[in-house]
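Worksheet for the structure shown next.
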Amino acid sequence: MTRNRIRIGVQIHPQHGDIAAMRRAALCAEELGADLLYTWDHFFPLYGPADGAHFECWSLLSAWAEATSRIELGPLVSCNSYRNPNLLADIARTVDHISGGRLVLGIGAGWFERDYAEYGYEYGTPASRLDALADNLPVIVDRWKRLSPRPLRPIPVLIGGTGRQRTLPLVARYADVWHAMFPANPDELTPVIAALREWCWRQGRDPASIEWAVGIEPDAVAHDLAHFADEYLAMGFRQFTLGLNGPSYDLAPLRDWLAWRDATAG
């Protein structure tokens with residue numbers, strides 16, 4: 001992973017679409033030249049009809065790992081609450097092998113209360129969920145060292161979130177990639193970046209050793225390319241995630257972002 005290179009990812013929302021359409025979108029993203037392929041880890045749609053079609057994260061990633069050949073892929077982000085950390089490490093290792101060493105483990109503390117209520121997980125509080133994430137991250141990394149066979153590469157850990165007191169210290173300590181999720185505009189992230197730099201200083205870590213990523217909501221993909229992309233770049237972000245919603249998964253805007261990536265790099 002080259003942290004100074006601009007990388008464009010797509011997040012295929014596993015809602016309001018079918019498996020075949022998601023697979024076509026994944027293959028098209030790779031064919032067009034996208035760098036990363038993500039989905040989210042929830043059990044129900046986040047918007048649109050609340051009981052609409054929806055599919056499980058890691059099952060989709062396993063299928064996409066088999067169908068694709070180049071693009072890196074992973075959850076944006078896997079909810080720490082939904083799986084025992086040792087099991088999650090093993091699932092991630094297995095998908096890494098299926099993909100030939102292309103997995104990125106995105107992980108976060110979790111937040112969508114309906115998931116917890118309907119699937120029987122303890123919701124707790126934001127603080128308790130972040131404490132659990134802090135406890136489980138070293139367990140996951142340790143399990144990778146003890147699995148047979150081990151992952152095909154050191155699996156990059158992506159931590160999603162902007163919480164300045166609890167999430168960012170975990171980013172500074174563990175993350176290869178920091179994902180600032182889907183802000184409305186760059187100004188939202190100015191104080192967050194200052195806090196991340198402070199936590200990295202406390203950990204004795206160079207913030208530039210972490211790849212910074214930011215997400216673009218489906219309805220803002222064209223707008224943000226025209227108005228915000230260069231500003232995000234100047235702030236230090238090098239990975240850009242375009243949200244794609246079903247049922248059609250329109251990848252046409254991806255072409256424009258890839259052209260911007262290539263022109264900026266050139």
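Taking every pair of alpha-carbon atoms in region 1-60, what share in percent sits in each 10 Å bin, from 0 to the bin with the longest distance?
Computed distribution, short to long bins: 22, 46, 25, 7, 0.
Nearest 5 is fine: what % of DSSP beta bridges in the chain come out antiparallel, could you say?
5
Taking only the alpha carbons of the chain, what extent do you get along each of the three principal axes, in Å, biggest first?
Rounded to whole Å, the extents work out to 42, 41, 37 Å.
With a point put 7 Å past each Cα toward its Cβ, work out how far L147 is from F55 in nm, to one decimal.
2.2
Hey, can you list the DSSP H helices of the chain whose Cα span along the axis is 18 Å or longer and whose average Kyte-Doolittle score is at least 1.6?
Taking the DSSP H segments of the chain (at least 18 Å long, mean hydropathy at least 1.6), we get none.
Please work out how much length the chain gains when fully extended from E188 to F44, using 0.36 nm per residue of separation minus the C-alpha to C-alpha distance, in nm with one decimal. Don't jump to the answer; show the numbers that get you there.
Working: separation 144, 0.36 × 144 = 51.84 nm, distance 2.76 nm.
Here the segment from E188 to F44 would lengthen by 49.1 nm.
About the Cα centre of region 99-256, what is the dipole size in debye to 20, counting +1 per Lys and Arg Cβ and -1 per Asp and Glu Cβ, all else neutral?
So the magnitude is around 980 debye.
Pairs of Cα atoms under 8 Å, at least six residues apart: use those to get the relative contact order of region 148-241, whole percent.
It comes to 27 percent, rounded to a whole number.
Over the heavy atoms of S248, what accessible area does a 1.4 Å probe trace out, to the nearest 10 Å²?
S248 exposes around 90 Å² with every protein chain in place.
Length gain on complete extension for the stretch W111 to N4, per 0.36 nm per residue less the alpha carbon to alpha carbon distance?
35.4 nm
Going from most exposed to least, what order do W260, W111, W64 have by accessible area with a 1.4 Å probe?
Per-residue accessible area, sorted high to low, gives W111, W260, W64.
Determine, at each q value in 0.15, 0.18, 0.25, 0.27 (inverse angstroms), the log₁₀ of I(q)/I(0) that the Debye formula gives when each Cα of region 38-115 is one equal point scatterer.
Log-scaled intensity ratios, in q order: -0.52, -0.72, -1.18, -1.29.
Can you compute the modelled spin-label distance between A127 and A20, with each label point 7 Å from Cα toward Cβ, in nm?
The two pseudo-label positions are separated by 5.2 nm.
Report the Rg/Rh value for region 58-98, based on alpha-carbon coordinates and the Kirkwood definition of Rh.
Values: Rg = 10.3 Å, Rh = 10.7 Å.
The Rg/Rh ratio comes out at 0.97.
Any idea what the alpha-carbon Rg over 2.2 N^0.38 Å comes to for region 196-247?
On the way: Rg = 14.0 Å, N = 52, 2.2 N^0.38 = 9.9 Å.
Normalised Rg, Cα atoms only: 1.42.
Please give me the summed charge of the neighbours of A65: other residues whose Cβ is under 9 Å from its Cβ, Lys and Arg +1, Asp and Glu -1.
Every neighbour counted, the sum reads -1.
The values are calculated or read from the model by the stated rules, or taken from the named source; none is laboratory data. These numbers come from a predicted model, not from an experiment. Counting neighbours? That spans all protein chains shown, and the Cβs are built from the backbone with ideal geometry, glycine included. Heads up: the accessible areas ignore ligands, DNA and RNA and are worked out on the full protein's heavy atoms, side chains in. Shrake-Rupley method; radii C 1.70, N 1.55, O 1.52, S 1.80 Å.
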